[in-house]
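Worksheet for the structure shown next.
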Amino acid sequence: MFTLKQLEIFISLAHKQKVIDVATEFDMSQSAISMSIKELEKIVGENLFERIGKRLTLNERGVLFLELVSTHIDALQKVYTNFSTQKIEGTLRICASVTITNYLMPKYIDEYSRIYNNVKFSLKSANTNDVIRMVKEGAYDLGFIEDKCNDEALTCKKIASDELVVVTSNKELSKQDGHFIDNLSDMQWIMREVGSGTRAVFLDAIFPEVINIYMEFDHTETIKKFLKLSPNYISCLPRLSVEKELAEGSLFELPIRGYDFHRDFILIMRKDKKASMLVDDFMKFISNSI
């Protein structure tokens, strides 16, 4: 198959008709220009030029070939220019945990889009286990998860830390200085689903204590709505997700004695994936922004 460069040389020679003029245009030797034309003719299986004196003119097949390639060469040159000089553009596919999707990504995607308006985003929310799986499968370029990632197929980089807090709408409980987890274990706990990073961090931290998991939901916003319906409900949620409710007094934090619930936000990518300039630049942007 002929190359874009061969076609460009062919078109130039078709118009200029002198090898020396084309060599000057492309900053190549005359022999290199002649070799390029010979290789092109070998590929198409026909001679495209006739020599008349010191000039090379197109024969009838060369005229036809020029007509056919000229209709496509401009589009090919635009594609080449785009990919050789405009690297920070395209669609970035991101899969992130629910907390990161809802409370971190909108701000940073918006800021990045203002810098590079040719970049588009595809953002999917999933629990930590599913984010890891989909990034490994290659369905997404980057993943953002909560807490640990020990998968050998992935590159894992800490980008931020987060705190989990035990919350309820029961104002009387919040008046106490602190609570022992076993004194709260029989309350009606509403937790994220199995596979959630938030759930895993909390339950791992209080082990071997066991709590009464009364309900499970996929979304933090759903849990917050239920918490406000009854003072008997209790949950452990990211502080990021309840800052507004704590400030306005619709939910209250219950400090737990002997525990400090922290976890990391981790950026993940396949180890065998060669990062494009767009992916690499966005990773640097996130790391410097959070």
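The values are calculated or read from the model by the stated rules, or taken from the named source; none is laboratory data. Remember, it's a predicted structure, so these values are computed and weren't measured experimentally. Cβ coordinates were reconstructed from backbone atoms using ideal geometry, including for glycine residues, and neighbour counts include every protein chain displayed.
At least 2 residues being without any contact (Cβ under 8 Å) to a residue 60 or more places away in the chain, hydrophobic (A, V, I, L, M, F, W, C) and surrounded by 19 or more Cβ atoms within 10 Å (Cβ to Cβ) is the threshold, and among the strands (runs of 3 or more DSSP E) wholly inside region 164-238 those reaching it are 188-192. Search region 239-290 for residues being under 21 Å from Asp218 (Cα atoms) and of a type in the set (Phe, Trp, Tyr), and hand back the single one that is surrounded by the most Cβ atoms within 10 Å (Cβ to Cβ). Here the residue is Phe265. Residue count for region 149-163, restricted to those that are part of a loop (DSSP other than H, G, I, E, B) and either modelled with pLDDT of 95 or more or touching a Ser or Thr at 6+ places or on another chain (Cβ under 9 Å) (or both): 1. If you filter region 95-131 down to residues that are among the basic types (Lys, Arg) and in contact (Cβ under 8 Å) with a residue 24 or more places away in the chain, you find that the one that is surrounded by the most Cβ atoms within 10 Å (Cβ to Cβ) is Lys124. Hey, any hits in region 18-34 for a residue that's closer than 12 Å to Leu7 by Cβ, modelled with pLDDT of 85 or more, of a type outside the set (Asp, Glu) and surrounded by 13 or more Cβ atoms within 10 Å (Cβ to Cβ)? Within region 18-34 (the criterion being closer than 12 Å to Leu7 by Cβ, modelled with pLDDT of 85 or more, of a type outside the set (Asp, Glu) and surrounded by 13 or more Cβ atoms within 10 Å (Cβ to Cβ)), the answer is no, since none of the residues qualifies. Scanning region 243-259 finds one or more residues that are of a type outside the set (Asp, Glu), in contact with a strand residue (DSSP E or B) (Cβ under 7 Å, 6 or more places away or on another chain), farther than 14 Å from Thr99 by Cα and assigned to a strand (DSSP E or B). For Phe207, the conditions (1) within 20 Å of Arg263 (Cα to Cα); (2) modelled with pLDDT of 95 or more all hold with the exception of (2).
The residue of region 267-279 that is nearest to Ile115 (Cα to Cα), among those that are assigned to a helix (DSSP H, G or I) and modelled with pLDDT of 90 or more, is Leu278.
Scanning region 122-148 for residues that are under 20 Å from Glu193 (Cα atoms) and assigned to a strand (DSSP E or B) gives Lys124, Ser125, Gly143, Phe144, Ile145, Glu146.
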